[in-house]
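Throughout, read-outs are computed from the coordinates displayed, never taken from laboratory work. Here the structure is a predicted model, which is why all the values come from computation and not from measurement. Note that each Cβ is placed from the backbone with ideal geometry, even for glycine, and that neighbours are counted across all protein chains shown.
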Amino acid sequence: MPSVALIRRYAFSSAHRLHSDALSPEENARLYGKCNNPNGHGHNYAVEVAVTGPVDPRTGFCADLPALDATVRRTILEPFDHNDLNALPEFARLVPTGENIARVIWDKLRAAGLPVLSVRLQETRDNFFEYRGDR
Ligand code: NI
């Protein structure tokens, strides 16, 4: 049975502040720049979720699209959209960088049972992050 990847794009808008308690105030300022400002700032994120599976001969689909949308909505979009990522339990001990947001999305979708291949997060016009799990 041939396996195909389905890649679907979703969007959410969130606030965050980049600050690490493991770094000195000077290092936080140097590394994160304006992103370390105490009041935070926002992004319109786009996330591309790739899932894989055998093509079902009855449906022609490799994934149950309504189920995928429902899972992404429930686990990612509803908690993240128009929210402060730093205030979420997922980021209580993680700096909400693009790297960590991509990893958290991967972990949550995997925990929900989705056959995730990769998570690609677009944070700004020029910044993208991709996570494919630990290999
Ligand atoms: Ni930012």
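Summing charges over neighbours of Leu65, with a neighbour being any other residue whose Cβ is under 12 Å away from its Cβ, gives -2 when K and R count +1 and D and E count -1. Rounded, prolate or oblate: pick one for the chain, where a ≥ b ≥ c are the square roots of the eigenvalues of its C-alpha gyration tensor, a/c under 1.5 means rounded, and failing that, prolate if a/b is larger than b/c, else oblate. Since a/c reaches 1.5 and a/b is larger than b/c, the shape of the chain is classed as prolate.
Taking Cα centre as origin and charging only the Cβ of basic (Lys, Arg, +1) and acidic (Asp, Glu, -1) residues, the dipole magnitude of the chain rounds to 240 debye. Each residue of region 31-42 was assigned a 3J(HN,Hα) from its phi angle through the Karplus expression (A = 6.51, B = -1.76, C = 1.60, θ = phi - 60°), giving 6, 9, x, 4, 5, 8, 3, x, 7, x, 7, x Hz with x at Gly and Pro.
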